[in-house]
1. Roughly what angle does helix 39-64 make with the longest principal axis of the chain, taking Cα atoms, 0 to 90 degrees, to the nearest 10?
2. May I ask you to give the solvent-accessible area per residue for the stretch 1-119, in square angstrom, as obtained with a 1.4 angstrom probe?
3. For helix 99-132, what angle does its Cα long axis make with the longest principal axis of the chain, in degrees from 0 to 90 and rounded to 10?
4. Hey, what angle do you get for helix 2-26 against the long axis of the chain, alpha-carbon based, 0 to 90 degrees rounded to 10?
5. Using the Kirkwood radius over Cα pairs, work out the Stokes-Einstein diffusion coefficient for the stretch 53-105 at 10 °C and 1.306 mPa s, in µm²/s as a whole number.
6. Quick one: give the max-minus-min coordinate of the C-alpha atoms of the chain along each principal axis, largest first, in Å.
7. Spin-label point model (7 Å from Cα, Cβ direction): what's the Q101 to H124 distance in nm?
8. Got a number for carbon plus sulfur as a percent of the chain's accessible area, 1.4 Å probe?
Amino acid sequence: MARALRALAQLMGWSCVVIGVFHVLLGNAAIPGAGSAGATVDSWGRFMGASFVGYGLAWLWAARQRPIPAPAVRWLAGVFLLGGAGRLISLAVHGPPQWFQIALAVIELGLPPVFLWLAGAEEHALRGDAETVPAGR
């Protein structure tokens, strides 16, 4: 489980860093369907891109820990799930967005339970290992 959690956390981290840098560099052009959204949306998108880079770096930090801290994974997965929930709210208020945004919502709603399951399994395995080691060794 630890290997799968580490690999998925690293993939998540690097994906977020690359996507965030892409948004910082391209602004509105990085958002499908928002090419002519104006300076305000461009400014907001570039800021959020930088924030997404930081979010990705947090995933990479967690992936480098030995063992991977389950509470950090839970918080990071919760933030990702909150982003997916935000997309659902937008869908309800404004209707369906461009198709790629729907695909992202599926990922944002489907991946956090996987992270929560892997973090819990890893935490349980670590507790089990700690209980089988005799005291004083």
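1. In the chain, helix 39-64 runs at an angle near 10 degrees to the longest axis.
2. Computed with neighbouring chains in place, this is 59 Å² per residue.
3. It works out to around 10 degrees.
4. 20
5. Values: Rh = 12.6 Å.
It comes out at roughly 126 µm²/s.
6. Result for the chain: principal-axis Cα extents of 66, 29, 18 Å.
7. 3.8
8. Numbers: 6040 of 8510 Å².
Roughly 71 percent, rounded to a whole number.
The values are calculated or read from the model by the stated rules, or taken from the named source; none is laboratory data. Note that the structure is a prediction, hence the values are computed from the model and not measured. Cβ coordinates were reconstructed from backbone atoms using ideal geometry, including for glycine residues, and neighbour counts include every protein chain displayed. Quick note on the areas: whole protein, heavy atoms, side chains included, nothing else; ligands and nucleic acids left out. Shrake-Rupley method; radii C 1.70, N 1.55, O 1.52, S 1.80 Å.
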